[in-house]
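The values are calculated or read from the model by the stated rules, or taken from the named source; none is laboratory data. All figures in this text were calculated on a predicted structure; none of them were measured in a lab. Positions of Cβ are backbone-derived with ideal geometry, glycine not excepted, and every protein chain shown enters the neighbour counts. Remember, those area values only see protein heavy atoms, side chains included, never the ligands or the DNA or RNA. Shrake-Rupley method; radii C 1.70, N 1.55, O 1.52, S 1.80 Å.
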Amino acid sequence: MEPNFESLRKEFPVLKRKTYLNSGSYCALANEVRAAFDAYMEDRLLVGANWDVWVTKNESVRSLVAKLLHAGPDEIAVTASVSAGLNALASAMHFSGPRKKVVVSDFEFPTNAQIWHAQEPRGAQVVHVPRAADGYIPLEMFEKAIDEQTQLVAITHVCFRNGAKLDIPGIVRLARAKGAKVLLDCYQSVGSLDIDVKALDVDFAAGGMLKYLLGTAGIGFLYVRDSYVQSLLPTNSGWFAQAAIQAMDITANRPAPTARRFEAGTPPVVNCYAAEAGLEMLLRVGTPAIEKRNFALTRRCMQRLQEIDWPSITPSQDERRGATVAVPSRDSAGLSAELMKRDIVTSYRDDNVRASFHFYNNEDDVESFIGEMKDLRASFAPR
Ligand SMILES: Cc1ncc(COP(=O)(O)O)c(C=O)c1O
């Protein structure tokens, strides 16, 4: 049975005041996520240091992320950010042998390129796959870049700049043929699309709770395929990455036998409360239904933009995009600010305004956005 999306909308108070199309930056806050923040405050006020509950929350987040990605809990590290997870992973990799190359695409969020460039003093060679003349990256471009010297193909699922989705199964096939591993940065897709890391056959995946996972900043995850966990020894570490956290043994580094070895220090406790509530809500609604709704909303939005003669640059085929519709503008910052004055919350990157949809949006939101865009077209559409 399809979730009752109209009734779910009532759980997000901001939707009463704003047309909220900014989940690709920061999700709308649900009542139950706010209640989770409150529960943390209550714990602090009434109990003080509720250490046992805190640790349980961290483990609960791990299990929920595992369920979401169709992975095992022992394959999930709960991290402070995507950057923290990638740094721990990079620290466990070696670039002195024949496989020095890390292939990234021109669609990467900065951190998933910068962290690999940061490995250059350790021997890494970072190769960028450029976009074609149409602004997108066809598989052939990856085919040229991935070879026997490639250790890792580190790619975004959905591009934060234009909403385009990369051909992940195609890229994984190319990587496998050359013996390279694949890291998926799924921050722009997780929670808005249905993701199965086993079906996608990626080796690593990273994301966070701030966007479509309904949580907050300061918490993320790293998935590491179980068969690689034990052979990767992070040098970025900490006491929560140890096999026996409470052993307090300062004589050696004894990393956890699970993906917890990619964690570091004290968990982001308050963020765990929020992340747990957000993930529980998201899993209740169900990512297959969410994906279907997001495709319907983005499709509708793109059609309506065509009708007002201000077409989006995001690919029109469902299988080539995520939940963001990017609209080009001669002044994207000015357009986003003008929309905000009219209670339409968007964001902008490069020359595009981004309207990001989630299950709590509806067709009225599309119409409100289109109505204002029509009004602003003369001042902001590309010349
Ligand atoms: C695709 C992608 N990766 C990574 C990040 C950010 O990562 P971090 O958690 O390190 O801030 C973002 C956005 O903030 C993103 O859109």
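Considering only residues that are touching a Lys or Arg at 6+ places or on another chain (Cβ under 6 Å) and under 17 Å from I146 (Cα atoms), look in the stretch 70-113 and name the one that is surrounded by the fewest Cβ atoms within 10 Å (Cβ to Cβ).
Here the answer is D106.
One line per residue, one yes/no per condition, for (1) assigned to a loop (DSSP other than H, G, I, E, B); (2) surrounded by fewer than 24 Cβ atoms within 10 Å (Cβ to Cβ); (3) acidic (D, E); (4) within 23 Å of the chain's Cα centre (by Cα):
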site	(1), (2), (3), (4)
P311	yes, yes, no, no
E319	no, yes, yes, yes
A326	no, no, no, yes
V353	no, no, no, yes
H358	yes, no, no, yes
N361	yes, no, no, yes
D364	no, yes, yes, no
K374	no, yes, no, no
A378	no, yes, no, no
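Taking I250, is it on the phi < 0 side of the Ramachandran plot and without any contact (Cβ under 8 Å) to a residue 24 or more places away in the chain?
Working: on the phi < 0 side of the Ramachandran plot: yes; without any contact (Cβ under 8 Å) to a residue 24 or more places away in the chain: yes.
Here the answer is yes, as I250 does meet what is asked.
Taking interchain pairs and intrachain pairs at least six residues apart, which have beta carbon atoms under 6 angstrom, with the first residue in the stretch 173-190 and within 15 Å of the ligand (Cβ to nearest atom) and the second hydroxyl-bearing (S, T, Y)?
Pairs found: D185/T156.
If I filter the stretch 181-190 for residues that are farther than 25 Å from A355 by Cα and over 17 Å from the mean Cα position of the chain (by Cα), do I get at least one hit? Explain how you work it out, then say what you get.
Narrowing the stretch 181-190 to residues farther than 25 Å from A355 by Cα: 181-183.
Restricting the remaining residues to those that are over 17 Å from the mean Cα position of the chain (by Cα) gives 181.
Checking the stretch 181-190: at least one residue is farther than 25 Å from A355 by Cα and over 17 Å from the mean Cα position of the chain (by Cα).
Residues checked against (1) within 15 Å of the ligand (Cβ to nearest atom); (2) open to solvent by 40 Å² or more (accessible area, probe 1.4 Å):
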residue: Y212; (1), (2): yes, no
residue: S227; (1), (2): no, yes
residue: T235; (1), (2): no, yes
residue: A244; (1), (2): no, yes
residue: R254; (1), (2): no, yes
residue: R260; (1), (2): no, no
residue: G265; (1), (2): no, no
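Criterion first (free of Cβ contacts under 8 Å to residues at least 12 places away in the same chain, in contact with a helix residue (DSSP H, G or I) (Cβ under 8 Å, 6 or more places away or on another chain) and acidic (D, E)) does D43 satisfy it?
yes
Quick one: which residue in K67, K57 is of a type in the set (K, R), part of a helix (DSSP H, G or I), out of contact with any Asp or Glu (no Cβ under 8 Å at 6 or more places or on another chain) and open to solvent by 10 Å² or more (accessible area, probe 1.4 Å)? Break it down into steps so the answer makes sense when it comes.
Numbers: K57 fails: out of contact with any Asp or Glu (no Cβ under 8 Å at 6 or more places or on another chain).
One residue alone meets the criteria, K67.
I'm trying to understand the selection: among the residues of the stretch 4-44, which are within 23 Å of the chain's Cα centre (by Cα) and assigned to a loop (DSSP other than H, G, I, E, B)?
Here is the first cut: in the stretch 4-44, the ones within 23 Å of the chain's Cα centre (by Cα) are 5, 8-9, 11-12, 14-15, 19-34, 36-37.
Correct list: E11, F12, L21, S23, G24, S25, Y26, C27, A28, L29, A30.
Please work out which residue is farthest from A84 (Cα to Cα), limiting yourself to the stretch 114-155 and to residues that are open to solvent by 90 Å² or more (accessible area, probe 1.4 Å), among the acidic types (D, E) and at pLDDT 95 or above.
E140
If you check P121, P110, which single one turns out to be within 12 Å of the ligand (Cβ to nearest atom), out of contact with any strand residue (DSSP E or B) (no Cβ under 9 Å at 6 or more places or on another chain) and closer than 27 Å to T235 by Cβ?
P110
Just the residues that are surrounded by fewer than 24 Cβ atoms within 10 Å (Cβ to Cβ), within 11 Å of the ligand (Cβ to nearest atom) and closer than 14 Å to D203 by Cα, please, taken from the stretch 156-172.
Once the filter is applied, which keeps residues that are surrounded by fewer than 24 Cβ atoms within 10 Å (Cβ to Cβ), within 11 Å of the ligand (Cβ to nearest atom) and closer than 14 Å to D203 by Cα, the stretch 156-172 yields only H157.
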